[in-house]
Amino acid sequence: MYPDKKKDIEVIKALKEKKFIDADMAGYITDKIVELMPNLKWAIDKYDISPKDMIRFQMVSEMCRNERERKGFTFKQISLDLKIPQYRLKDVESSSVKNIVADILEKYIDYLGLRKWFN
């Protein structure tokens, strides 16, 4: 089996199982995207975007959104309970990596009951 093919299978499996994407895997995905879309590298560099961080955080964002919706929580409700601005919670769910505050992310994950998954 070709090395890329094996790595492709690992990536697909991790995504299907909703596992965290480690830095190496995120780098691999980023490289593949840039390989397929070379003009994207220009935008990444120009706007100081970290695709690796965005890819790695995507699963956290998705899990938080899914769990919040499953439990029927609103941003307003969580914001009041945790005394955190709604826009900070929305940053987490929109994968706005540059705007994520670690303490808020930790509180949000605990509130949603995702600590075991997150660890």
Original post:
Can you list the residues of segment 96-113 with backbone N under 12 Å from a point 7 Å past the Cα of Lys71, pointing along Cα to Cβ?
Top reply: 107-113
**OP:** Taking only Cα atoms and a 10 Å spring cutoff, compute GNM fluctuations for the chain and point out the largest among Ile78, Ile104, Ile44.
**Re:** Ile44
**OP:** Please tell me which of these pairs span more than 27 angstrom C-alpha to C-alpha: Lys5/Lys52; Lys41/Lys107; Lys83/Lys116; Lys76/Lys107; Lys41/Lys98; Lys71/Lys107?
**Re:** Lys41/Lys107
Subject >> Selection from Leu15, Cys64, Ile78, by position along the positive dipole direction of the chain (Cβ) >> reply: Ile78
**OP:** Run down the aspartates and glutamates and flag those whose C-alpha is under 19 Å from the C-alpha of Lys46, throwing out any fewer than 8 positions away in its chain.
**Re:** Asp31, Glu35
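Per DSSP H run of at least 4 residues, take -39500 (n - 2.57); add these up for the chain, divide by its residues and hand me the 222 nm value, nearest 500 deg cm²/dmol. Present the calculation step by step, with values, prior to reporting the outcome.
Details: 8 runs with 88 residues, N = 119.
Computed mean residue ellipticity for the chain: -22500 deg cm²/dmol.
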Subject >> Residue of Ser61, Ser95, Ser50 that the Gaussian network model of the chain assigns the largest fluctuation, springs spanning Cα pairs under 10 Å >> reply: Ser50
**OP:** Using a/c under 1.5 as the rounded threshold, could you call the chain rounded, prolate or oblate? The axes a ≥ b ≥ c are square roots of the C-alpha gyration tensor eigenvalues, and prolate needs a/b larger than b/c, oblate otherwise.
**Re:** oblate
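Work out, step by step, the length gained on full extension between Ile9 and Gln86: first 0.36 nm times the residue separation, then minus their alpha carbon distance; give nm to one decimal.
Numbers: separation 77, 0.36 × 77 = 27.72 nm, distance 3.75 nm.
Full-extension gain reported as 24.0 nm.
Multiply the residue separation of Lys116 and Glu62 by 0.36 nm, subtract the distance between their alpha-carbon atoms, and state the gained length in nm to one decimal. Numbers along the way, then the final one.
Working: separation 54, 0.36 × 54 = 19.44 nm, distance 1.57 nm.
Contour length minus the Cα-Cα distance gives 17.9 nm.
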Original post:
Tell me, what is the percent relative contact order of the chain, built from C-alpha pairs under 8 Å that lie six or more residues apart?
Top reply: 20
Original post:
To the nearest Å, what is the center-to-center distance of segment 24-53 and segment 61-91, using C-alpha atoms only?
Top reply: 29
Subject >> Residue-wise HN-Hα coupling along segment 24-37, computed from phi with Karplus coefficients 6.51, -1.76, 1.60 (Hz; x: Gly, Pro) >> reply: 5, 5, 4, x, 4, 4, 4, 4, 5, 5, 5, 4, 7, 10
Subject >> 0 to 90° range, to nearest 10: angle between helix 3-16 axis and the chain longest Cα axis >> reply: 20
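Each reported figure results from applying straightforward, stated rules to the coordinates on display, with no laboratory input. Bear in mind the structure is a predicted one, so any value in this text is a computation, not a measurement. Glycine gets a Cβ as well: all are built from the backbone with ideal geometry, and neighbour counts include every protein chain shown.
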